[in-house]
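The structure appears below as structure tokens.
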Amino acid sequence: MIGVIGGSGFEKFEEFELIGEISRDTPFGKAASGFKKVKVQGIEFLFMSRHGEHHEHLPTEVNYRANIFAMKAQGAQALVSFSAVGSLAQALKPGDLVVPSQYIDRTKSLRHHTFLGQGLIGHASLAKPTCEIMAEGIRPMAQALSARPNESIQPFDVHFSKTYICIEGPNFSTKAESLTYRQMGADIVGMTNFPEYALAREAGLPYLPCCWVTDYDCWDDNIPHVTVQEVIRVMRLNNSKAFSLLKEILRAGPALWQGSLAPEAGLRTSLFMPLEAVPTDKRKWLDVLMR
């Protein structure tokens, strides 16, 4: 079963058929509100609004550990993440889909970003933080979708193998910061994919980020700078594109992530200590992440 995490503008999609609400309780606190099992065109999957059902959490306040743990505990075998991002490159236009393969973390250590620590020692490799197999799997789906716009889907381009820089937020960047991110080699800027992708890796879950551009941030004075009003306007247009892609992903099923290395790169192979040395209070939930 696949787990879907919806970010800003993707808190809900039309055509969801609710199967049931799911408990939000985890060893790391409560997962986001509105965690549920849903069905689209007869296909069941897990859905969670990253910021909560009513968008009640800032990026810093999202309980990323609880969200990822809850997905794993409820049977998710892979994760698809939908996010809104700003563009740091002229070619990545508002309305476009960007599938990043690399990340730069510029958050401020305010987030619980790992399941490790407090007696549980390990080191997971994040050299390739996203699932390349899933990314290649959706390439023809996304390109075909972008080639057939209609009254609900405006034309857009698809971009792969880009770099996402994650900032703390909640405020948008200064111009100096935006220019610095471009110099660092980042292509898009967002506030939520870290530590989500890192926790997914620790949990052994293949992670596919689908990032939808809403604005050009503020690096170019010749382009209007990002505003909440413009972001919301473009997010509404991006929602139908994301849902159309999601339906294609659901139809592909487990074949989409078959052969992914993520399950073998999680904590089951990343612990730096013998299992018998794991603190007793961590063994039960560690079993969930390692299964």
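Any read-out appearing in this document is the output of simple, stated calculations on the displayed coordinates, not a laboratory observation. Being a predicted model, the structure only gives us computed values, none of them experimental. For neighbour counting, all protein chains shown are included, and Cβ atoms are generated from backbone atoms with ideal geometry for every residue, glycine included.
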Rounded if a/c under 1.5, otherwise prolate or oblate - the range 139-267, Cα gyration tensor axes: oblate
Kirkwood Rh in Å, taken over all unlike Cα pairs in the chain: 19.2 Å
Ile121/Thr180 FRET efficiency (R0 35 Å; Cβ-Cβ; nearest 0.05): 0.55
Using θ = phi - 60° and Karplus 6.51 cos²θ - 1.76 cosθ + 1.60, couplings along the range 45-52 (whole Hz; Gly, Pro as x): 7, 9, 9, 9, 7, 3, 8, x
Dipole of the range 36-163, positive direction: furthest Cα of Thr107, Gln90, Ser152, with charges on the beta-carbon: Thr107
Residues listed by number, the range 28-49, amide nitrogen under 20 Å from Leu18 label point at 7 Å toward C-beta: 31-49
Using alpha-carbon coordinates, inclination of helix 193-202 to the longest axis of the chain, degrees: 30 degrees
Listed peptides 170-179, 219-228, 3-12, 275-284 by packing density, highest first (mean Cβ within 10 Å): 3-12, 170-179, 219-228, 275-284
Helix 132-146 vs. the chain, principal-axis angle (Cα, 0 to 90°, nearest 10): 30 degrees
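Please state the charge dipole magnitude for the chain, taken about the Cα centre, from unit charges on C-beta atoms (+1 on K and R, -1 on D and E), reported in debye and rounded to the nearest 20.
That gives a dipole near 540 debye.
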Kirkwood-Stokes translational diffusion coefficient of the range 80-173, alpha-carbon pairs, 20 °C, 1.002 mPa s, µm²/s: 135 µm²/s
Potential extension, Gln41-Asp25 segment - 0.36 nm per residue separation minus Cα distance: 2.9 nm
Spin-label pair His54/Ile232, simplified geometry with 7 Å Cα→Cβ offset, distance in nm: 1.6 nm
